[in-house]
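Worksheet: one structure, shown below.
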Amino acid sequence: MKSISGSGRAPWVAILVAALGYFVDVYDIWLFASVRKASLAGLGVSEADMKHVGEFLQNWQMGGFILGAILFGVIADKRGRLAVLFSSILVYSIANIANGFVHSVDAYAFWRFIAGVGLAGELGAGVALVSELVEKNSRGWATTFVATVGVLGSVAAPIVAQLVGDWRVNYWIGGGMGLALLAMRIGVFESGMFDKVKDRDDVKRGDFGMLFRSGERFRRFLATTLVGAPVWYFAGLIMVFGDALQKELGITDPFAAPKVIAIAALGLSIGDVLFGGLSQLMKSRKRAFLLAFAWMTLGVIGIFTLAKDRGTFYWLMFFCGLGAGYWAVFVTTAGETFGTNCRGTVATTAPSFVRGLVIPMTMARQVLEPKIGYLGSLKLIGGVVLALALWALWVLPETYGRDLDFVEA
């Protein structure tokens, strides 16, 4: 690793803009989950096909995340963090407005894919920018603020969806919020660390393949991604389809999906503060990860074994959401683990690839369900995901207090 120098220009405006940008990002992600049944009913999808078509659309959105992560990650390290913050929000805002005009499942899938491409860029670019602007011992507090404000979007989306009612109007609101946010970008400075690196001919930037040409670097990248996988196991397989899960658990009067999403998302938001703060107070990202894994595991086991009525299920979703709230620690680590010349790429691809893992998890659930049942498939996938996350935690370096003034050679 080669040392470089950076600067710490006016970080607070960037922190606020990154936080609000992530709020709109998360709002739009969970807007689909909140209006899924209403929108599919409006398109003529039968009740029997709701889960299957919902998984199909979610996979298209997550596929967009994977493509968008690579695209915007490379742009973040070649052109700068601000270029991604502007372009990504424009893409997903237009996609969401267009989503309000669809009249077929195929068109719905296309615009969910385009929205996923755009949504992939916001968080990583914001985290990379904030990480490089804030003093190293305070960095975790800043990224925790960004993540916490952002995750509140998952609380707001189902609430607004229920208040507004019309699913098409909900998409137009989400897209409009994104366009309004573009005006706030004015006055945000580029990272001084990136400015120094972009003028150096001896530093290679925006090379996604660089992450795979070194065994050590690839293991670091793989671990950075897999350590976040349990969050989207919970979010993508349990939260989104909470109504179907209640029926499988034998709950006769299940809560509607938006209400389940809202209470779990509230847990996620509080968990971000809890585990983000613990990582700072304990001066260790890895200890915070381990505590969150233990908490989340207890929560998932509780859902599968104790949730015999909707009230118990409701509060166990909140409890499990608290554990899954280590997302703030995850995105902080993604921004601290690699050098400035590929930090934007990793900070963008790692969270988006984690979301993209919902695709193989969903496919595995569909293959396993006929053999071991819906609940059995969720339990088995959850065990595999946790095992991979523990391996990742063992591989990852401790990044608390790390000086980010370096590049990958």
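Rounded to the nearest Hz, the phi-derived 3J(HN,Hα) couplings of the range 345-358 under the Karplus curve 6.51 cos²θ - 1.76 cosθ + 1.60 (θ = phi - 60°) are 4, 6, 5, 8, 6, 4, x, 6, 5, 4, 4, x, 5, 4, where x marks glycine and proline.
Taking square-rooted eigenvalues a ≥ b ≥ c of the alpha carbon gyration tensor, is the range 74-176 rounded, prolate or oblate, where a/c under 1.5 means rounded and, failing that, a/b exceeding b/c means prolate? Here the range 74-176 falls in the oblate category.
Calculated FRET efficiency, ALA48 and PHE101, Cβ-Cβ r, R0 35 Å, to nearest 0.05?
Details: r = 27 Å, r/R0 = 0.76.
Given R0 = 35 Å and the Cβ-Cβ separation, E is 0.85.
Taking all C-alpha pairs of the range 292-403, those more than 15 Å from each other amount to 73 percent.
Based on alpha-carbon atoms only, what is the radius of gyration of the range 34-79 relative to the globular estimate 2.2 N^0.38 Å? If you can, show how the numbers build up before the last one.
Numbers: Rg = 15.4 Å, N = 46, 2.2 N^0.38 = 9.4 Å.
Scaled against compact globular proteins, the figure is 1.64.
Counting Cα-Cα pairs of the chain in 20 Å increments starting at 0 gives whole-percent bin shares of 30, 59, 11, 0. Along each principal axis, taking the top coordinate minus the bottom one, the Cα set of the range 14-153 gives 54, 28, 21 Å in descending order. Listed cross-link partners LYS136/LYS286; LYS247/LYS308; LYS259/LYS371; LYS259/LYS379; LYS247/LYS379 are compared with a 21 Å cut-off, the Cα-Cα value being larger for LYS259/LYS371; LYS259/LYS379. Computed from backbone phi with θ = phi - 60° and the Karplus coefficients 6.51, -1.76 and 1.60, the 3J(HN,Hα) list for the range 236-246 is x, 10, 10, 5, 4, 10, x, 5, 5, 5, 4 Hz; x is used for glycine and proline. The heavy atoms of SER138 present about 50 square angstrom of accessible area, all protein chains included, probe 1.4 Å. Listed values for the range 208-218 are Karplus-derived 3J(HN,Hα) couplings in whole Hz (6.51 cos²θ - 1.76 cosθ + 1.60, θ = phi - 60°), namely 4, x, 4, 6, 10, 8, 10, x, 5, 5, 5, and x replaces Gly and Pro.
Placing pseudo-labels 7 Å out from each Cα toward the beta carbon at VAL384 and GLU135 gives an inter-label distance of 4.7 nm. Per residue of the chain, what 222 nm ellipticity follows from adding -39500 (n - 2.57) for every DSSP H run with n ≥ 4, rounded to the nearest 500? Calculated from helices alone, the mean residue ellipticity at 222 nm is -26000 deg cm²/dmol.
The values are calculated or read from the model by the stated rules, or taken from the named source; none is laboratory data. Keep in mind the model is a prediction, meaning the values are calculated, not measured. Heads up, the Cβs are rebuilt from the backbone with ideal geometry, glycines too, and the neighbour counts pull from every protein chain shown. Just so you know, the surface numbers come from the protein's heavy atoms only, side chains and all, with ligands and any DNA or RNA stripped out. Shrake-Rupley method; radii C 1.70, N 1.55, O 1.52, S 1.80 Å.
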